[in-house]
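Peer 1: Structure provided below as structure tokens; questions to follow.
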Amino acid sequence: MQTQILGTPTIPDEMLSQAPELSVIVPTFNESENVRRVVASLDACLKGISWEVIFVDDDSPDGTAARVREISRHDPRVRCLQRIGRRGLSSACTEGMLASSAPYVAVMDGDGQHDETVLRRMLEILREGTADIVVGSRYVDGGGIGEWNASRAKMSRFATHLSRLVIKQDLSDPMSGFFALRLDVLNPAVRKLSNIGFKILVDLMASSPQPLRLKEVPYEFRNRTAGESKLDSQAMWDYLMLLLDKLVGHIVPVRFLAFALVGTIGVLLHFAVLTVLFRALALPFTISQCGASIVAMVSNFGLNNALTFRDRRLKGWRWIKGLALFVLVCGIGAVANVGIASYLFSRNSMWVLAALAGIVVGAVWNYAMSAMYTWGRQKK
């Protein structure tokens, strides 16, 4: 027998009673128009396979989660994992895989850019036991990047080159977001995942305690059908932070490194504004110094909000409140900076070392308090 629900695929009754062999993880944001298409395409290409699809939605305002639940009421193969107060493709994929009990899991986009017909071949390879992970590649024979322009293709190649810093295996397309693996491969690596940005495959490969046996299968990258891209102008920043976390995250938190980098930019901006106000406009030094401090502090807050703590970005009234807290925290940090440096200098320490100690204390204070209070988890 078969079960037919209005507007959904025809579901063989024997498939409904089987535990899924394959879970397909689909991270979504504002992709309500794509949900039915994804389910229908999976149903068409996975005939005879016991499968489920887990949509991991980052609280899309277009009602993506509601659309998934509407379908799941009639099709038990469709599941919804709705996340509140956080965004990120890598972390969404990780949570989706952890929510699965199937022996095999696959990750693919919900925007139509990945070729779902390749999933069957991926599963066959995993069943054979010759690979731990199977990657859909655009750069092996038979694959392609579709209608990408030259600049996007060049950026992808550059990012692929950078991945060699943390991935030792020979992988032609580490930037791929389309892959399948045995679920037990995830368990040893999951607590070491950075879950930064969008490149979950790089994160997984670099976090695995043992080199993963991998195979690549070709696919042609397609144009987006509908929905909102999960990439934005800061995707490269996230990728660089991921690489830094894999390289030095065990020594110093990568978020602190980003905070320190923003602080360095703030120092340069401070001196630039001070030079303009004091030397070019001939304003009194005290006024010039105050103006430069304000500009640098607002700039630091804005950059940290957009980059360092972008997963906790403040908007609207919370942005203004956050700026006030940031100024207060940094003001206290400045006092600590001067106090520590002055104390060490009075104890006959070298002035350079005393100054550096003050800077380090101030920076650590500013970062810790900003993370805890300015960008701490707050109820919306």
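The values are calculated or read from the model by the stated rules, or taken from the named source; none is laboratory data. Keep in mind that this is a model prediction, so the values were computed, not measured. Cβ atoms come from the backbone with ideal geometry, glycine included; neighbour counts cover every protein chain shown. Remember, those area values only see protein heavy atoms, side chains included, never the ligands or the DNA or RNA. Shrake-Rupley method; radii C 1.70, N 1.55, O 1.52, S 1.80 Å.
Peer 1: Quick one: is Thr8 in a strand (DSSP E or B), modelled with pLDDT under 95 and open to solvent by less than 60 Å² (accessible area, probe 1.4 Å)? Full working, then the answer.
Peer 2: Values: in a strand (DSSP E or B): no; modelled with pLDDT under 95: yes; open to solvent by less than 60 Å² (accessible area, probe 1.4 Å): yes.
Here the answer is no, as Thr8 does not meet what is asked.
Peer 1: Would you say Ser288 is hydroxyl-bearing (Ser, Thr, Tyr), buried (at least 17 other Cβ atoms within 10 Å of the Cβ), modelled with pLDDT under 90 and within 22 Å of Gly358 (Cα to Cα)? Spell out the reasoning first.
Peer 2: Working: hydroxyl-bearing (Ser, Thr, Tyr): yes; buried (at least 17 other Cβ atoms within 10 Å of the Cβ): yes; modelled with pLDDT under 90: yes; within 22 Å of Gly358 (Cα to Cα): no.
So Ser288 does not fit the description; no.
Peer 1: Give Asp115, Asp111 a once-over and let me know the one that is under 18 Å from the mean Cα position of the chain (by Cα), acidic (Asp, Glu) and under 23 Å from Leu181 (Cα atoms). Walk me through it before giving the result.
Peer 2: On the way: Asp115 fails: under 18 Å from the mean Cα position of the chain (by Cα).
Sole residue among the options that is under 18 Å from the mean Cα position of the chain (by Cα), acidic (Asp, Glu) and under 23 Å from Leu181 (Cα atoms): Asp111.
Peer 1: Search the range 348-380 for residues being at pLDDT 80 or above and more than 30 Å from the chain's Cα centre (by Cα), and hand back the single one that is most open to solvent (accessible area, probe 1.4 Å). Step through it out loud before you land on a result.
Peer 2: Going through the range 348-380, the residues at pLDDT 80 or above turn out to be 353, 357, 360-376.
The next check asks that each one be more than 30 Å from the chain's Cα centre (by Cα); those that pass are 353, 357.
Values: Leu353: 103, Ala357: 30 Å².
Only one residue tops the list, namely Leu353.
Peer 1: Next up: Do you know which of the residues in the range 160-182 that are among the basic types (Lys, Arg) and free of Cβ contacts under 8 Å to residues at least 60 places away in the same chain is farthest from Val134 (Cα to Cα)?
Peer 2: Narrowing the range 160-182 to residues among the basic types (Lys, Arg): 164, 168, 182.
Cutting the leftovers down to free of Cβ contacts under 8 Å to residues at least 60 places away in the same chain gives us 164, 168.
Working: Arg164: 18, Lys168: 16 Å.
Once the filter is applied, the top-ranked residue is Arg164.
Peer 1: Let me ask something additional. Could you say which residue among Phe221, Phe179, Phe158 is among the aromatic types (Phe, Trp, Tyr) and touching a Lys or Arg at 6+ places or on another chain (Cβ under 8 Å)? Before you say what the answer is, go through the steps one by one.
Peer 2: Numbers: Phe179 fails: touching a Lys or Arg at 6+ places or on another chain (Cβ under 8 Å); Phe158 fails: touching a Lys or Arg at 6+ places or on another chain (Cβ under 8 Å).
Residue meeting the stated conditions: Phe221.
Peer 1: Determine if the range 68-86 includes at least one residue that is touching a strand residue (DSSP E or B) at 6+ places or on another chain (Cβ under 9 Å) and closer than 17 Å to Ser176 by Cα.
Peer 2: Checked the range 68-86: no residue is touching a strand residue (DSSP E or B) at 6+ places or on another chain (Cβ under 9 Å) and closer than 17 Å to Ser176 by Cα.
Peer 1: Against the condition touching a Gly at 6+ places or on another chain (Cβ under 9 Å), free of Cβ contacts under 8 Å to residues at least 24 places away in the same chain and either surrounded by fewer than 17 Cβ atoms within 10 Å (Cβ to Cβ) or of a type in the set (Val, Ile, Thr) (or both), how does Gly331 come out, does it pass? Spell out how you get there, then give the answer.
Peer 2: Numbers: touching a Gly at 6+ places or on another chain (Cβ under 9 Å): no; free of Cβ contacts under 8 Å to residues at least 24 places away in the same chain: yes; either surrounded by fewer than 17 Cβ atoms within 10 Å (Cβ to Cβ) or of a type in the set (Val, Ile, Thr) (or both): yes.
Judged against the criteria, Gly331 is not a match.
Peer 1: Within the range 270-285, restricting attention to residues that are surrounded by 18 or more Cβ atoms within 10 Å (Cβ to Cβ) and touching a residue at least 12 places away in the same chain (Cβ under 8 Å), which residue is farthest from Trp375 (Cα to Cα)?
Peer 2: First pass over the range 270-285, keeping only residues surrounded by 18 or more Cβ atoms within 10 Å (Cβ to Cβ): 270, 273-274, 277-278.
Right, trim to touching a residue at least 12 places away in the same chain (Cβ under 8 Å) and you get 270, 273-274, 277.
Values: His270: 23, Val273: 27, Leu274: 29, Leu277: 32 Å.
Among those that are surrounded by 18 or more Cβ atoms within 10 Å (Cβ to Cβ) and touching a residue at least 12 places away in the same chain (Cβ under 8 Å), it is Leu277.
Peer 1: Restricted to the range 18-31, and to residues that are within 26 Å of Lys199 (Cβ to Cβ) and either at pLDDT 95 or above or open to solvent by less than 10 Å² (accessible area, probe 1.4 Å) (or both), which residue is nearest to the chain's Cα centre (by Cα)?
Peer 2: Kept after step one, since they are within 26 Å of Lys199 (Cβ to Cβ), are these residues of the range 18-31: 22-31.
Next, from what is left, pick out any that are either at pLDDT 95 or above or open to solvent by less than 10 Å² (accessible area, probe 1.4 Å) (or both): 22-28, 31.
Numbers: Leu22: 24, Ser23: 21, Val24: 19, Ile25: 15, Val26: 15, Pro27: 11, Thr28: 13, Glu31: 18 Å.
For the range 18-31, the residue satisfying everything is Pro27.
Peer 1: Going by the conditions given, is Ser60 under 24 Å from Gly88 (Cβ atoms), among the hydroxyl-bearing types (Ser, Thr, Tyr) and surrounded by 17 or more Cβ atoms within 10 Å (Cβ to Cβ)?
Peer 2: yes
Peer 1: Would it be correct to say that Leu314 is under 30 Å from Ile84 (Cβ atoms) and either without any contact (Cβ under 8 Å) to a residue 12 or more places away in the chain or exposed (fewer than 14 other Cβ atoms within 10 Å of the Cβ) (or both)? Give the steps one after another, and end with the answer.
Peer 2: Numbers: under 30 Å from Ile84 (Cβ atoms): yes; either without any contact (Cβ under 8 Å) to a residue 12 or more places away in the chain or exposed (fewer than 14 other Cβ atoms within 10 Å of the Cβ) (or both): no.
In short, no.
Peer 1: Okay, next question. Report yes if Ala341 is on the phi > 0 side of the Ramachandran plot, over 34 Å from the mean Cα position of the chain (by Cα) and free of Cβ contacts under 8 Å to residues at least 40 places away in the same chain, otherwise no.
Peer 2: So Ala341 does not fit the description; no.
Peer 1: Just checking, which of Val254, Val262, Val267 is of a type in the set (A, V, I, L, M), within 30 Å of Leu162 (Cβ to Cβ), touching a residue at least 12 places away in the same chain (Cβ under 8 Å) and open to solvent by 60 Å² or more (accessible area, probe 1.4 Å)?
Peer 2: Val267
Peer 1: Right, next: Within the range 203-212, is there a residue that is acidic (Asp, Glu) and open to solvent by less than 10 Å² (accessible area, probe 1.4 Å)?
Peer 2: The answer is yes; a qualifying residue exists.
Peer 1: Follow-up. Out of the range 73-99, which residues are open to solvent by 10 Å² or more (accessible area, probe 1.4 Å) and among the hydroxyl-bearing types (Ser, Thr, Tyr)?
Peer 2: If we filter the range 73-99 for residues that are open to solvent by 10 Å² or more (accessible area, probe 1.4 Å), which is where we start, we get 73-74, 76-77, 79-82, 84-89, 91, 95, 98-99.
Selection gives Ser91 alone.
Peer 1: Please state which one of Arg157, Arg120 is over 22 Å from the mean Cα position of the chain (by Cα) and surrounded by fewer than 22 Cβ atoms within 10 Å (Cβ to Cβ). Spell out the reasoning first.
Peer 2: Details: Arg157 fails: over 22 Å from the mean Cα position of the chain (by Cα).
Residue meeting the stated conditions: Arg120.
Peer 1: Then there's this: Could you grab me the full set of residues in the range 123-154 that are of a type in the set (Gly, Ala, Ser), within 20 Å of Leu204 (Cα to Cα) and open to solvent by less than 20 Å² (accessible area, probe 1.4 Å)?
Peer 2: Ala131, Gly136, Ser137, listed by residue number.
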